[in-house]
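Rule-based calculations on the coordinates, nothing more; no lab input. Remember, predicted model here, so these are calculated numbers, not experimental data. Every residue, glycine as well, gets a Cβ built from its backbone with ideal geometry; the counts of neighbours run over all protein chains shown.
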There are 2 protein chains.
Amino acid sequence: ELVEAMLKARGPRSLDGLSVLVSAGPTYEDIDPVRFIGNRSSGRMGFAVAAAAVQAGARVRLVAGPVALATPAGVERIDVRSARQMRDAVVASAADSDIFISAAAVGDYRPQAVSPAKLKKSGKALALELVQNPDILAELAAQAAHPFLVGFAAETNDLEHYAREKLERKGLDLIAANRVGEELGFECSENALLLLWPGGREELGMAEKGVLAKALIERVATLHAAARGKRGRG
Amino acid sequence: ELVEAMLKARGPRSLDGLSVLVSAGPTYEDIDPVRFIGNRSSGRMGFAVAAAAVQAGARVRLVAGPVALATPAGVERIDVRSARQMRDAVVASAADSDIFISAAAVGDYRPQAVSPAKLKKSGKALALELVQNPDILAELAAQAAHPFLVGFAAETNDLEHYAREKLERKGLDLIAANRVGEELGFECSENALLLLWPGGREELGMAEKGVLAKALIERVATLHAAARGKRGRG
């Protein structure tokens, strides 16, 4: 009754009763026991999104690549290293989730083979054969029943063009695009986001990642409710 | 006078009056603005060696790759990212140093070209062309006048064989070899070291990196004093 009273006092929240799955951080692809291919994702945006989803009333599960960040309060965290481990963890949780927000910077490529022993210097140039990693969002989008899908696009150039193209090609419900490069996006705490969805756009100006995450979550809640309403009446 | 009295009370230390240069951590080689090739070095051993050298009375400069570690008290720190940046910082400081301890895991290879824009998925396999990075220790060893040279060898197999071969091929004064792989060496705080030098060896059993660093510094001091004595009388 106390909880009920508190909830009443606070009013309903935008994601009450919903289950949100978030991925965050980089993935690391081993070349041999000591070397790997990584990327500069700090994980901060994904962790901020998970925290904002909890604050909006959702049950939140966070699949995190190798980052040194504290788990936000109320979040269930699953740690992974490679893109394939992240794919497996996300797919296993997706069926129980209403919304999947893919904030991880999943490595597109991995070495074709992982050397069990440390590679020795050969004294000459070397070609590292890379193969593509699974595309987690595209795999989920292809399933008949799937969560509301939110992607991120980090681009160094032609931001809106590439992001809109990715939204459509992957069949996403929403994409959050940000510019990366010199001092922007990765490894810093401020950023700006451009939100794109079928038939709409919203610009979120330069702000702390926590502020951007809250605004993103509110947009997700609005679009998800509209989609559910349409299906419900459909 | 107070300082002099304190020094007298403590007695002379093994590296009093000497200048020690230490490198630590991994190097990261950019593939494009977001992707890079890295390695699992935590930097802990190098930082522990720098701290132990200060405690032994040396002036210490530390060239550190990308790690999230606090600078030990009394150490002058220079931060770098790539192998070539590390080479430049080390070579610039080597002329003023009596001893160089190369504890960094310098990446052997870097991409032949760094893409200024983020690489797009091509939909197929990819070969990443790699070229060798400069060999910092070999470059210093080739100079007529150079510091006392200490290297590290992290090996997954045939530890003593590879380490002794590296000691001789590079013309080092001492090498500290450790086994890496499953839960060993990188990203953990305990390890064991095998010290090899021309005509000698010493095994340092499993211990905290701080303990190993102190033992390594004592061996360095002994060998350096002997080498100096020989040259002095020579």
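Summary of computed values
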read-out	value
Segment A:76-234: relative contact order as a whole-number percent, Cα under 8 Å and 6+ apart	16 percent
Chain A: DSSP helices with Cα axial extent of at least 24 Å and average Kyte-Doolittle hydropathy no lower than 0.5	none
Distance from segment B:86-120 to segment B:43-85 (C-alpha centre basis), Å	15 Å
For B:Val67, inter-copy label distances in nm, listed shortest first [label point 7 Å out on the Cα-Cβ vector]	2.4
Whole-number Å³ per residue for the convex hull built on Cα positions in segment A:95-158	162 Å³
Ascending list, in nanometres, of distances separating the A:Pro116 label from those of the other copies (7 Å, Cα toward Cβ)	4.5
When each of A:Lys124/B:Lys118; A:Lys120/B:Lys214; A:Lys120/B:Lys166; A:Lys170/B:Lys121 is checked by Cα-Cα distance, pairs over 23 Å	A:Lys124/B:Lys118; A:Lys120/B:Lys214
For the protein assembly as shown, alpha-carbon Rg over 2.2 N^0.38 Å	1.16
Mean Cβ count within 10 Å, highest first, over the residues of peptides A:171-179, B:137-145	A:171-179, B:137-145
Percent of beta bridges antiparallel (DSSP, the protein assembly as shown, rounded to nearest 5)	45 percent
Per residue, the convex hull volume that the Cα atoms of segment B:1-107 enclose (Å³)	97 Å³
Chain A: calculated mean residue ellipticity at 222 nm from DSSP helix runs of at least 4, using -39500 (n - 2.57)	-10000 deg cm²/dmol
DSSP-defined beta bridges in chain B - what % are antiparallel, rounded to 5	40 percent
Distant-in-sequence amide H partners of B:His146 (H built 1.01 Å from N, under 5 Å)	none
log₁₀ of I(q)/I(0) at q = 0.23, 0.26, 0.30 Å⁻¹ - segment B:16-76, Debye sum with one point per alpha carbon	-0.85, -0.99, -1.20
Surface/4 estimate of mean projected area, convex hull on alpha-carbon atoms of chain B, nm²	15.4 nm²
Most positive-pole-ward Cα, A:Ile37, A:Ala113, A:Ala144, against dipole of the protein assembly as shown from beta carbon charges	A:Ala113
Average partner coverage of B:30-43, which counts Cβ from other chains inside 10 Å	6
Built amide H within the under 5 Å cut-off of B:Val60, gap 5+	B:Val20, B:Glu76
Charge context of B:Lys121, other residues only, Cβ under 14 angstrom, K/R +1, D/E -1	+3
